[in-house]
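Below: the structure, in structure tokens.
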């Protein structure tokens, strides 16, 4: 049996309503629920987490920038990076950490540069699509130097694993997990639901184009968008311009539990241009919703089983997305069959299943 580890989970922030924030918080709690010693280090924005944490999760607020700041110049930022690497190394030693899981690139790099004791295992937990990782020449060099030295890279799906494989021999797939929902949608309300950050990358422009097509054909249906972000004003203007008041509804997230919103809808639609392993798809399925999403480069195809529990659509194609939505609006039997399949299929992502992967693949690192 591997020796018991003190796990440090390094993240930049947890104060927003988003998939990253939910899965990092939930994973820390999952570890604690299973008796693991877990410390959650907030290394940038130290505002309290949006999502609740298990009482046994130790939260440490330790703001560091690693030189990623607009302040100063090139030399002062590199000095800041060095200082923060040393500060992180000191903190990990003080906490007696034996396993470090880094949720963002710069933390994985800092953990390697700050490595002193070989007994401390270090893993990078990758949440974004590989090709979305912006790096200048300096950070690209840092990536190529540090990532081969990690004890493991954790990816969310097999496509991402293949992209990271050239940089480390130990790339492991551990999907996100979703909690059971105690109640399911009846799929009879005329409501389409989307939950998303309101950004260009989340395909909000495609969502609006699709909503116009669908709601013009089915004026007795509503499409509710729950989220916040830079395109909030764009959506409000669009609703006004297209006379979609009370049809296309924009709502800010309130509280961490939005299961009642899923249960009030009859399908879930995601328009992201890029995903790795969407939490909202898992949540929608766990509440019995058939899901429709663009088949972007990686992500949705590892969750949705096409034409079984949902529909995958050619990416960035509002017309085809509208057709897929139409097929579920006009066919209640198909909608309900997919919803039932979603409840059954999402069980492969239940907490006890995913925890065993962490235990086998990461906690047992040697």
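The values are calculated or read from the model by the stated rules, or taken from the named source; none is laboratory data. Here the structure is a predicted model, which means the values were calculated and not measured. Don't worry about glycine lacking a Cβ; one is built from the backbone with ideal geometry, like all the others, and counts go over all protein chains shown.
Does residue 265 qualify as being in a helix (DSSP H, G or I) and either touching a residue at least 24 places away in the same chain (Cβ under 8 Å) or touching a strand residue (DSSP E or B) at 6+ places or on another chain (Cβ under 7 Å) (or both)?
Against the criterion (in a helix (DSSP H, G or I) and either touching a residue at least 24 places away in the same chain (Cβ under 8 Å) or touching a strand residue (DSSP E or B) at 6+ places or on another chain (Cβ under 7 Å) (or both)), residue 265 does not qualify.
Of all residues in region 235-252, those that are under 19 Å from residue 214 (Cβ atoms) and either surrounded by 16 or more Cβ atoms within 10 Å (Cβ to Cβ) or under 24 Å from the mean Cα position of the chain (by Cα) (or both) total 9. From the list 14, 86, the one residue that fits, being closer than 24 Å to residue 138 by Cα, free of Cβ contacts under 8 Å to residues at least 40 places away in the same chain and either outside the structural domain of residue 156 (by TED's automatic domain parsing) or not in a strand (DSSP E or B) (or both), is 86.
Yes/no matrix, rows are residues, columns are (1) under 12 Å from residue 194 (Cα atoms); (2) at pLDDT 95 or above:
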{"residue": "207", "(1), (2)": "yes, yes"}
{"residue": "217", "(1), (2)": "no, yes"}
{"residue": "223", "(1), (2)": "yes, yes"}
{"residue": "234", "(1), (2)": "no, yes"}
{"residue": "239", "(1), (2)": "no, yes"}
{"residue": "243", "(1), (2)": "no, yes"}
{"residue": "248", "(1), (2)": "yes, yes"}
{"residue": "256", "(1), (2)": "no, no"}
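Just a yes or no: is a residue in region 308-316 over 16 Å from residue 193 (Cα atoms), under 17 Å from the mean Cα position of the chain (by Cα) and surrounded by 15 or more Cβ atoms within 10 Å (Cβ to Cβ)? No - not one qualifying residue is present in region 308-316.
Matching residues to (1) part of a loop (DSSP other than H, G, I, E, B); (2) surrounded by 15 or more Cβ atoms within 10 Å (Cβ to Cβ); (3) modelled with pLDDT of 85 or more:
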site	(1), (2), (3)
64	yes, yes, yes
72	yes, no, no
78	no, no, no
91	no, yes, yes
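Scanning region 160-212 for residues being closer than 23 Å to residue 26 by Cβ, in contact (Cβ under 8 Å) with a residue 60 or more places away in the chain and in a helix (DSSP H, G or I) gives a total of 3.
Please go through (1) outside any loop (DSSP other than H, G, I, E, B); (2) over 27 Å from residue 197 (Cβ atoms); (3) at pLDDT 95 or above for residue 111 and return the number of the only condition it doesn't satisfy. For residue 111, the failing item is (3).
If you filter region 268-300 down to residues that are out of contact with any strand residue (DSSP E or B) (no Cβ under 7 Å at 6 or more places or on another chain) and either assigned to a helix (DSSP H, G or I) or modelled with pLDDT of 95 or more (or both), you find that the one that is nearest to residue 197 (Cα to Cα) is 279. Summed over region 324-333, the residues that are out of contact with any strand residue (DSSP E or B) (no Cβ under 8 Å at 6 or more places or on another chain), free of Cβ contacts under 8 Å to residues at least 40 places away in the same chain and part of a helix (DSSP H, G or I) give a count of 1.
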